[in-house]
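Nothing in this text is a laboratory measurement; each read-out follows from the coordinates by a stated rule. The model shown is predicted, which means the values in this text are computed figures rather than measured ones.
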Amino acid sequence: MEGWESERDSERAKVTARWFAIVVLLSALFWIRGHDPIVAAHVSRLTAWELALAGVLMTLAEAIYLWKPGRVQIPRWLKYVTVFCDMVFISVLISLTGYTHSPFFFVYFVFLISNCLRYGLLMSLFVAAVFNVLYVVVLGFAPETERQASVLGGEGLKIVAFWGVALYGGAISARIRRQGNQLRVYEETIREQRAQLAQHNQSSLSAEENPS
């Protein structure tokens, strides 16, 4: 629809945001390496650069696909694939920086909110379900010495909180999208009425200029 963002445009906006996120996350990672000996022990400088390269290549591949000349529509499943890849990247970052004590855990929540606002309730549930699986996998690979719960209630509280944010954020997003659709209908109705009025006025002028 004219004036409304298509799925291709949404993906393009996400690619632009990901470039910014890569710079912020990797800058934070290098800074934390220099100030936290535990993170420095887990993440070598080479590993940090490998993460950066992986993020750049993933984003560049999608950018080339989306900005291909003549590309107007994209498959509906593409957004789920890119969201899954982003979550794998975040999970790897968390596993390398302290598992349950990783300072990057909050990125999961930022990622959830940004995607539920962009795509709606269904995507919120998808992100929550993928998080449920990936975070359990991350904890499964954690050494015994790094599996201590980092918050009251343990890691289960994090998962419950994540689902709560997903459901609440998804509900708000669904309401916003519903109101947006209503506004679109109003705008289309106004355009149609204006076109009909213009046609009626043109017919009236023609009748006045050529009286029978």
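By how many degrees, 0 to 90 and rounded to 10, does the Cα axis of helix 155-209 deviate from the longest principal axis of the chain?
Approximately 20 degrees, to the nearest ten.
How far is helix 121-141 tilted, in degrees, relative to the longest principal axis of the Cα atoms in the chain, given as a value from 0 to 90 rounded to the nearest 10?
10
Determine the relative contact order of segment 7-207: mean sequence separation of Cα pairs under 8 Å and six or more apart, normalised by residue count, in whole percent.
Relative CO of segment 7-207 lands at 20 percent.
Can you list the lysines whose alpha carbon is less than 26 Å from that of K158, not counting same-chain residues fewer than 8 positions off?
Those lysines meeting the cut-off are K14, K79.
Mind checking the full-extension length gain between R71 and R191? Use 0.36 nm per residue of separation minus the Cα-Cα distance, one decimal, nm.
40.4 nm is the gain from fully extending R71 to R191.
Against the longest alpha carbon principal axis of the chain, how many degrees, from 0 to 90 and to the nearest 10, is the axis of helix 78-96 turned?
Relative to the chain, helix 78-96 is tipped by roughly 20 degrees.
What translational diffusion coefficient, to the nearest whole µm²/s, does segment 1-124 have by Stokes-Einstein, given a Kirkwood radius computed over alpha-carbon pairs, a temperature of 37 °C and 0.692 mPa s viscosity?
D = 209 µm²/s.
Rounded to two decimals, what is the ratio between the C-alpha radius of gyration of segment 7-207 and 2.2 N^0.38 Å?
1.37
Tell me the Kirkwood hydrodynamic radius of segment 1-60 in angstroms, computed as one over the mean inverse distance between distinct C-alpha pairs.
13.2
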